[in-house]
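Below is one structure, written out as structure tokens; the observations come after it.
The values are calculated or read from the model by the stated rules, or taken from the named source; none is laboratory data. All values reported here derive from a predicted model rather than from experimental measurement. Here the Cβ is made from the backbone with ideal geometry for all residues, glycine too, and neighbour counts use every protein chain on show.
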Amino acid sequence: MPELPEVETVMRGLAARLQGRRIVRATMNRADLRWPVPPGLAATLTGACVTSFARRGKYILMRLASGDSLLLHLGMSGRMVITPPGPALPALHEHFVLQTDDDWRIALIDPRRFGSLDMLPTSEEASHPLLASLGPEPLGPDFTAAKLSAALAGRRTPIKAALLDQRVVAGLGNIYVCEALFRARLSPRRLAATVAGARAARLVPAIVATLTEAIAAGGSSLRDYVQPSGELGYFQHAWKVYGRAGIDCEHCPGAPACAGISRIVQSGRSSFFCARTQR
DNA sequence: CAAGAATCCTGTCAGC
DNA sequence: TGCTGACAGGATTCTT
């Protein structure tokens, strides 16, 4: 599922193909996504010129010369597929399709329909209900140990749950929270409020490095993620703990006291961690 | 107010 | 082989 690194990669792929181009056709095949897609969305896009792209947390913004912005969230199963000029067979679960003036085709495919689309004035992006309460960008200047500590202060919930809260920091999902906590050697069970001082100072760079490396790798994924460029097959997951229950832990090579990577369930979601080194 | 559960949806996979 | 059920996860909404 797309978390910040995947969304960033998708956005870059979309920008490479769409920026500076005109959209000659927009088609909504299914408007019942996570929320109903505004009826006029396709009409607004038809004939529009794409000026730039931005990302906020897991949301992609496509800005138009008209002063409108398309807001896109991929949910859990959403992916963008780009195909070159030529005959194209509509795929299953292809809910939304753009065609450019140079005849490329950009499709949103989302089997579970947890994704969303909206149209809003570019000038009102910051106050959009889905964006207004997002926390700082983890790769931006506002994501510091001091500010993270402040956001976690008083929170009597596990750090795992707190980091999944998009109001604390925007863009992390289950996989990268597990990875970042492993890197910071913090237990997912640790009370959020106790992540301050040296621990917060350890966690922030761990999150930054985890995300930066994943973006550099081109974004990793679950099972069916496809590059926005259309190319398949670089599913090179480099996860150290996610999905690796029972496997040897990288922190403890040959240590008899390490039982390998453990899996527990928190808030109904899997957490993977090394019980020996993550405290 | 905060924390956790339930919810939406469908493809995938384990087990019988 | 085919069916059934559990599971996956983002983010809102509901419940406690």
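Just give me the residues in the range A:78-113 being basic (Lys, Arg), within 14 Å of DNA strand B (Cβ to nearest atom) and assigned to a strand (DSSP E or B), in sequence order. Residue satisfying the conditions is A:ARG79 alone. Within the range A:151-169, residues that are touching a residue at least 60 places away in the same chain (Cβ under 8 Å) and part of a helix (DSSP H, G or I) have Cβ atoms under 8 Å from residues that are of a type in the set (Lys, Arg) and more than 13 Å from DNA strand C (Cβ to nearest atom) in these pairs: A:LYS160/A:ARG189, counting only partners at least 6 apart in sequence or on another chain. Do the conditions hold for A:LEU4, that is, is it away from DNA strand C (no atom under 15 Å from the Cβ) and under 24 Å from A:PRO136 (Cβ atoms)? When the stated conditions are applied, A:LEU4 does not pass them.
Which of the residues that make up the range A:54-71 are on the phi > 0 side of the Ramachandran plot and modelled with pLDDT of 95 or more? Lay out the reasoning, then the answer.
Here is the first cut: in the range A:54-71, the ones on the phi > 0 side of the Ramachandran plot are A:57, A:67.
Matches in the range A:54-71: A:GLY67 only.
For A:ARG189, the conditions (1) of a type outside the set (Gly, Ala, Ser); (2) assigned to a loop (DSSP other than H, G, I, E, B); (3) over 19 Å from A:ARG279 (Cβ atoms) all hold with the exception of (3).
Given (1) crowded, with 21+ Cβ neighbours inside 10 Å; (2) within 16 Å of DNA strand B (Cβ to nearest atom), identify the lone condition not met by A:LEU45. It fails just one condition, (2).
In the range A:260-279, the residues that are farther than 19 Å from A:VAL195 by Cα and touching a residue at least 60 places away in the same chain (Cβ under 8 Å) form Cβ pairs under 8 Å with partners that are in a strand (DSSP E or B) and within 8 Å of DNA strand C (Cβ to nearest atom), at six or more places apart or across chains, as follows: A:ILE264/A:SER270; A:SER270/A:ARG263.
On the basis of being among the hydroxyl-bearing types (Ser, Thr, Tyr), free of Cβ contacts under 8 Å to residues at least 24 places away in the same chain, within 14 Å of DNA strand C (Cβ to nearest atom) and surrounded by fewer than 18 Cβ atoms within 10 Å (Cβ to Cβ), does A:SER133 make the cut?
On the way: among the hydroxyl-bearing types (Ser, Thr, Tyr): yes; free of Cβ contacts under 8 Å to residues at least 24 places away in the same chain: no; within 14 Å of DNA strand C (Cβ to nearest atom): yes; surrounded by fewer than 18 Cβ atoms within 10 Å (Cβ to Cβ): yes.
The answer is no for A:SER133.
Has the range A:51-67 got any residue that is within 16 Å of DNA strand B (Cβ to nearest atom) and surrounded by fewer than 21 Cβ atoms within 10 Å (Cβ to Cβ)? For the range A:51-67, residues within 16 Å of DNA strand B (Cβ to nearest atom) and surrounded by fewer than 21 Cβ atoms within 10 Å (Cβ to Cβ): absent. Here A:GLY75 fulfils each of the conditions (1) surrounded by 15 or more Cβ atoms within 10 Å (Cβ to Cβ); (2) in a loop (DSSP other than H, G, I, E, B); (3) out of contact with any Ser or Thr (no Cβ under 8 Å at 6 or more places or on another chain) apart from (3).
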